[in-house]
Amino acid sequence: MKIGILTLWKTEFNYGATLQCYALQEYLRKKGHEPYLIRYSNKKTKRSLKRFSVGKAINLIRAYYAAFKKRKIVDLPRNFEQFRCKYIDMSEDEYVGYESLKTKPPEADMYIVGSDQVWNFYKTPIECSKDPIHAYFLDFGNKEIKRVSYAASWDKKYLLECHIAEIKPLLKKFDYVSVREKSGIEACEICGCKNAEWVVDPTLLLSADEYRKIYNENPIRNVSEKYVLLYMVLTQKKVFDIDYIYEFAKKRNLKVIYVAEDKTDDKYKKYYPTIPEWLYLIDNAEYVVTNSFHGTVFSLIFNKKYVTIPLEGYSKATNKRIESLCEIFKTKPRFVNDKKLEILDLSYEAEYEYSGSGFDKFVDSCVK
């Protein structure tokens, strides 16, 4: 069965977003299907720029420029596009904006939207979110094509009434709906879907050894010293001072390998790994400290000693993702937001083995 997948994919630094895309495809390929990524990106409109004042825009540009000037030259680029070309089947066409999907719909027997935060429209005005809503709720293509969500994630806290009104008639057309967080079930109910299923993130559909195969079959930079891996997707000085990690590592004669977004600007040296290297770094770390959902996912997959730094501010609600994840592993979240990093040395028990879901049954039932 030919399956077109719509997800967040156009990134050069988000390891989790790329690996969840790979994992879902690999899982479906093993079941005998022909999945491919629909290369969709939301069209930026002039109207969306009106949300920002001139002052905010200038400050944002200055911040990016300052970070760019201070950024050191690294040994290797992250090579995300190289990874996508090698491991992810993609549509020949790139669809820019919803109208392009509607005008020339991707060919498939089934469309799947997800995973990642495809249904998170965070306080976005309806004039800016209408097109991505129709794209990510699969409002294109022949009506006979099956429409499915797999582990779609959205922020119920900021689900506006205008979004609900737009989403309700679109969600009714889905043949199967699943979400990544428990809270997403309630969001689906608010939008008129009473039978959504809570499922695991696509990265959990594959085993640790299947990820080890990726870094074993690619050239990577090995690390000879023992180290703490610090993986941060956002800088949160008010929540957690990363000086604590360096103090913790120094006391134990460990190196710190600090992986961050390109725009991160602080005094510490950064490491910019490829995706195979990132997997290797987590699997071989003595400890992992992260504020990332997928950083936590792979710490659990590889059974590492880890802690998660909770997000704050507008991102605080996304901590629910970690709580749902740990419930799947039958363990408690290892949150830390002060210098008490000794929790890293505490043992924990996590149990998880994928045993199927309604998603498998539905997909298998569609095979002719």
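The values are calculated or read from the model by the stated rules, or taken from the named source; none is laboratory data. Here the structure is a predicted model, which means the values were calculated and not measured. Note that we place each Cβ from the backbone using ideal geometry, even for glycine, and neighbour counts take in every protein chain shown.
Summary of values
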| quantity | calculated |
| --- | --- |
| Any hit, region 164-175, residues being among the aromatic types (Phe, Trp, Tyr), more than 19 Å from the chain's Cα centre (by Cα), within 15 Å of Tyr136 (Cα to Cα) and not in a loop (DSSP other than H, G, I, E, B) | no |
| Verdict on Gly184 being closer than 29 Å to Gly356 by Cβ and touching a Lys or Arg at 6+ places or on another chain (Cβ under 8 Å) | yes |
| Qualifying residue in region 328-351 (condition: closer than 24 Å to Pro219 by Cα and either surrounded by fewer than 22 Cβ atoms within 10 Å (Cβ to Cβ) or of a type in the set (Val, Ile, Thr) (or both)) | no |
| Gly295 small (Gly, Ala, Ser) and under 24 Å from Thr18 (Cβ atoms) | yes |
| Enumeration of residues in region 348-359 that are without any contact (Cβ under 8 Å) to a residue 40 or more places away in the chain and either on the phi < 0 side of the Ramachandran plot or among the acidic types (Asp, Glu) (or both) | Tyr348, Glu349, Glu351, Glu353, Ser355 |
| Candidates Asp338, Asp283, filtered to the one that is outside any helix (DSSP H, G or I) and either among the polar types (S, T, N, Q) or not assigned by TED's automatic domain parsing to the domain that holds Pro35 (or both) | Asp338 |
| Residues located in region 284-310, provided they are among the hydrophobic types (A, V, I, L, M, F, W, C) and within 19 Å of Val223 (Cα to Cα) | Ala285, Val288, Val289, Phe298, Phe302 |
| Tally, over region 172-197, of residues that are touching a residue at least 60 places away in the same chain (Cβ under 8 Å), of a type in the set (A, V, I, L, M, F, W, C) and surrounded by fewer than 19 Cβ atoms within 10 Å (Cβ to Cβ) | 0 |
| Condition check for Ser53: of a type outside the set (Lys, Arg) and either at pLDDT 95 or above or under 26 Å from Glu127 (Cβ atoms) (or both) | yes |
| Some residue of region 219-226 being under 23 Å from the mean Cα position of the chain (by Cα), at pLDDT 95 or above and either more than 18 Å from Gly295 (Cβ to Cβ) or not in a loop (DSSP other than H, G, I, E, B) (or both) | no |
| Val239 being modelled with pLDDT under 90 and under 24 Å from the mean Cα position of the chain (by Cα) | yes |
| Residue that is farthest from the chain's Cα centre (by Cα), among those in region 77-119 that are part of a strand (DSSP E or B) and of a type in the set (Val, Ile, Thr) | Val96 |
| Some residue of region 82-93 being in contact with a strand residue (DSSP E or B) (Cβ under 6 Å, 6 or more places away or on another chain), within 21 Å of Gln20 (Cα to Cα) and surrounded by fewer than 16 Cβ atoms within 10 Å (Cβ to Cβ) | yes |
| Enumeration of residues in region 127-148 that are in a strand (DSSP E or B) and touching a residue at least 40 places away in the same chain (Cβ under 8 Å) | Lys146, Val148 |
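Residue-wise test of (1) part of a helix (DSSP H, G or I); (2) without any contact (Cβ under 8 Å) to a residue 60 or more places away in the chain; (3) outside the structural domain of Thr11 (by TED's automatic domain parsing).
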position	(1), (2), (3)
Val259	no, yes, yes
Lys269	no, no, yes
Pro276	yes, no, yes
His294	yes, no, yes
Phe298	yes, no, yes
Lys320	yes, no, yes
Ser324	yes, no, yes
Pro333	no, yes, yes
